[in-house]
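K.L.:
Just dropping this structure here.
The values are calculated or read from the model by the stated rules, or taken from the named source; none is laboratory data. Not measured: the values here are computed from a predicted model. With ideal geometry, Cβ positions are generated from the backbone for all residues, glycine too; neighbour counts draw on all protein chains shown. The area values use the complete protein model at the heavy-atom level, side chains included, leaving out ligands, DNA and RNA. Shrake-Rupley method; radii C 1.70, N 1.55, O 1.52, S 1.80 Å.
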Amino acid sequence: MVEKVVLAYSGGLDTSVMVKWLSEHYKFEVITLTVDVGQKEDLKVIEQKAIKSGAVKHYTIDAKKEFVEKFIFPAIKANALYEGKYPLSSALSRPLIAEKLVEVAKKEGASAVAHGCTGQGNDQIRFEVTIESLAPDLKIIAPVREWRLTREEEIKYAKKHGIPLTLKTHPYSIDQNLWGRSIECGPLDNPAEEPPSEVFELTVSPEEAPNIPEYVTLTFENGIPIAINGDQLNPITLIEQLNMLAGKHGVGRIDHIEDRVIGIKSREVYECPAALCLIEAHKDLEKLVLTKHELAFKQYVDAEWAWLVYSGLWMDPLREDLDAFINRTQQRVSGDVKLKLFKGSITVVGRSSPYAIYRKHEYDQSIAYGFIKLWGLQTRDSRFTSRKD
């Protein structure tokens, strides 16, 4: 019997060439899989291209709802910003795509799965650790790491084998889903230069944004966003609407130097309008309802959660352990947060919750004297206590 491989297929040059390459070099029957996580592409065209490239079968899986509920919502609860900047938009989608690869491989009786990641980035780690955690018996093939073909060589190979080409008219590598858009390569490889305006799609330039601010009220229930301006929306629609609302005000652009898992630094440019708004609002609501002790400890938990996801360790038991703590804190994270969107900035200008700990003029001020004496006791005494060197 001919062995089967399931390839995570984007429809780009790399993965289209891979279909033939896997068949030619490994003698596999190639089954392709495209997982819809909100990348805004014509999935029917991608399917047709996969078949024309030599795939014996193609799967398209709409996983947007699962992406939001199983990955984005936990990220909001964890205020997930890797190195304080990146909302993990691409990183969160990788374990979900890996799960679907394994599901299809088991369904089809495939002995291997394949992906189009390079040997320089984080995605290879995210895919492979997840796959190995779910199905250690599956062989994992990473053609880009193996063949080391240049772009020109790939185009030549595609033309030789009749693989349909849809060549990019720009030098950028782009990944997009509901939670954001990442842009790399080309002029962006020079960290000293400002990103050209052509790289942005979800956001307008702050200079060109409206001269009048817009106020948006976000409603949360147990840490999960459920409404915009009082209108309850399904999770996908809520994120899509907030991307448009914030993007038109220039909100959501991120440009920073990022530490990759493999040890190199990279210049990363992202557009994440809804993600930044929701995380900023959620963090502020937590300040209103959680104790100072919960907030202080949760900062460590949130940072560790983001690091685990960024580093490809979604399947690690520690991530689930951290989720248990985070979910416990979210039982009181319900209420409204009012944002002001203006010229690229997000400002929280109001918040309310039935669980608010905030109180006005609550305690007897006369007790402050004794507290201060005790609070400063050791500090004060240490200044006047003689001690030997």
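K.L.:
Assess whether L202 counts as being aliphatic (A, V, I, L, M), open to solvent by 40 Å² or more (accessible area, probe 1.4 Å), at pLDDT 95 or above and over 30 Å from N327 (Cα atoms).
P.N.:
For L202, the condition - aliphatic (A, V, I, L, M), open to solvent by 40 Å² or more (accessible area, probe 1.4 Å), at pLDDT 95 or above and over 30 Å from N327 (Cα atoms) - is met.
K.L.:
Here's a follow-up. Is at least one residue of region 105-123 surrounded by 16 or more Cβ atoms within 10 Å (Cβ to Cβ), at pLDDT below 95 and polar (S, T, N, Q)?
P.N.:
yes
K.L.:
Which residues, taken from region 129-143, are closer than 24 Å to S90 by Cβ and open to solvent by 30 Å² or more (accessible area, probe 1.4 Å)?
P.N.:
V129, E132, S133, L134, I140, listed by residue number.
K.L.:
What residue, of I262, I236, is open to solvent by 10 Å² or more (accessible area, probe 1.4 Å) and either part of a helix (DSSP H, G or I) or out of contact with any helix residue (DSSP H, G or I) (no Cβ under 9 Å at 6 or more places or on another chain) (or both)?
P.N.:
Selected residue: I236, the only one of I262, I236 that is open to solvent by 10 Å² or more (accessible area, probe 1.4 Å) and either part of a helix (DSSP H, G or I) or out of contact with any helix residue (DSSP H, G or I) (no Cβ under 9 Å at 6 or more places or on another chain) (or both).
K.L.:
Considering only residues that are surrounded by fewer than 21 Cβ atoms within 10 Å (Cβ to Cβ) and small (G, A, S), look in region 285-316 and name the one that is farthest from R328 (Cα to Cα).
P.N.:
S311
K.L.:
Quickly run through region 36-73 and pick out the residues that are closer than 23 Å to V333 by Cβ and either small (G, A, S) or surrounded by fewer than 21 Cβ atoms within 10 Å (Cβ to Cβ) (or both).
P.N.:
The answer is K65, E66, E69, K70, F73.
K.L.:
Just wondering, is there one or more residues in region 164-174 that are open to solvent by less than 40 Å² (accessible area, probe 1.4 Å), under 28 Å from L92 (Cα atoms) and within 29 Å of the chain's Cα centre (by Cα)?
P.N.:
yes
K.L.:
For region 74-89, what are the residues that are in a helix (DSSP H, G or I), open to solvent by less than 10 Å² (accessible area, probe 1.4 Å) and not hydrophobic (A, V, I, L, M, F, W, C)?
P.N.:
Scanning region 74-89 gives a single hit, S89.
K.L.:
Sticking with this one: Would you call A209 closer than 27 Å to P196 by Cβ, of a type in the set (A, V, I, L, M) and in contact with a His (Cβ under 8 Å, 6 or more places away or on another chain)?
P.N.:
Yes, satisfied.
K.L.:
Any residue at all in region 246-269 that is closer than 18 Å to V333 by Cα and among the β-branched types (V, I, T)?
P.N.:
no
K.L.:
Assess whether E24 counts as being under 18 Å from the mean Cα position of the chain (by Cα), acidic (D, E) and either within 30 Å of R319 (Cα to Cα) or not in a strand (DSSP E or B) (or both).
P.N.:
no
K.L.:
When you look at A281, is it free of Cβ contacts under 8 Å to residues at least 24 places away in the same chain and either open to solvent by less than 50 Å² (accessible area, probe 1.4 Å) or part of a helix (DSSP H, G or I) (or both), yes or no?
P.N.:
no
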